[in-house]
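The values are calculated or read from the model by the stated rules, or taken from the named source; none is laboratory data. Since the model is a prediction, treat every value here as computed from it, not as a measurement. Methodologically, a virtual Cβ is constructed for each residue, glycine included, from the backbone with ideal geometry; neighbour enumeration extends over all protein chains shown. Just the protein is used for accessible areas: all its heavy atoms, side chains included, with ligands, DNA and RNA removed. Shrake-Rupley method; radii C 1.70, N 1.55, O 1.52, S 1.80 Å.
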Amino acid sequence: MSEHDNQTQTAKGKVQVGDTAPDFTLSTQSGAPVSLRDLLVEKDVVLYFYPRDNTAVCTAEACTFRDTYELFKDAGAEVIGISSDSVESHQQFAAAHELPFLLLSDTDGLIRKRYGVPTAFGLPGRVTYVIDRQGVVRHICFSQFTSQKHVDEALATLHLMRQERA
């Protein structure tokens, strides 16, 4: 890891590996409220923060999660995307790209701030958290322009967690 990457990781803020993930309730693309604690009752959660719907890297990331969604389900996890876009924007984005997972609307950026997600190059940061069923953050991936890394690292972490439980 380069010094710059290390500084970026350190600067990411509040939530670290080993911390209890802050709970929240946000609206899905259908407008229904969902809470992290309710999702964790049955599954591990891969929570990814992304800058905006319908931008090149964000669309690629969402489609990569879509294309590997069955692998996440097989690993006992649910994928959740969060951005500050509106419920209506999420509806359109999810429909246009046939996204099988929830997109949550954090319009005021409160949850992003609570997690300490950094900005990068003036944009909201792209950070993925793998959270186990006890609510503990097991892995954090920060990579602004490499969406595939988020999926690969999340799946690898889930497989390690599964081995630990076996």
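Couple of notes before you dig in:
- Contact map, the range 41-55: residues that are touching a residue at least 12 places away in the same chain (Cβ under 8 Å) and in a strand (DSSP E or B) paired with residues that are open to solvent by 10 Å² or more (accessible area, probe 1.4 Å) and of a type in the set (Gly, Ala, Ser), Cβ distance under 6 Å, separation 6+ or inter-chain. Pairs shown: Asp44/Gly76.
- Candidate set: the range 28-62, residues that are out of contact with any helix residue (DSSP H, G or I) (no Cβ under 9 Å at 6 or more places or on another chain) and closer than 16 Å to Ala94 by Cβ; chosen: the one surrounded by the fewest Cβ atoms within 10 Å (Cβ to Cβ): Ala32
- For the range 152-160, the criterion of being in contact with a Leu (Cβ under 7 Å, 6 or more places away or on another chain) and in a helix (DSSP H, G or I) is met by at least one residue.
- Per-region count, the range 119-142, residues of a type outside the set (Phe, Trp, Tyr) and surrounded by fewer than 19 Cβ atoms within 10 Å (Cβ to Cβ): 9
- Of the residues making up the range 48-84, those that are farther than 17 Å from Ser105 by Cα and of a type in the set (Gly, Ala, Ser) are Ala56, Ala60, Ala75, Gly76, Ala77.
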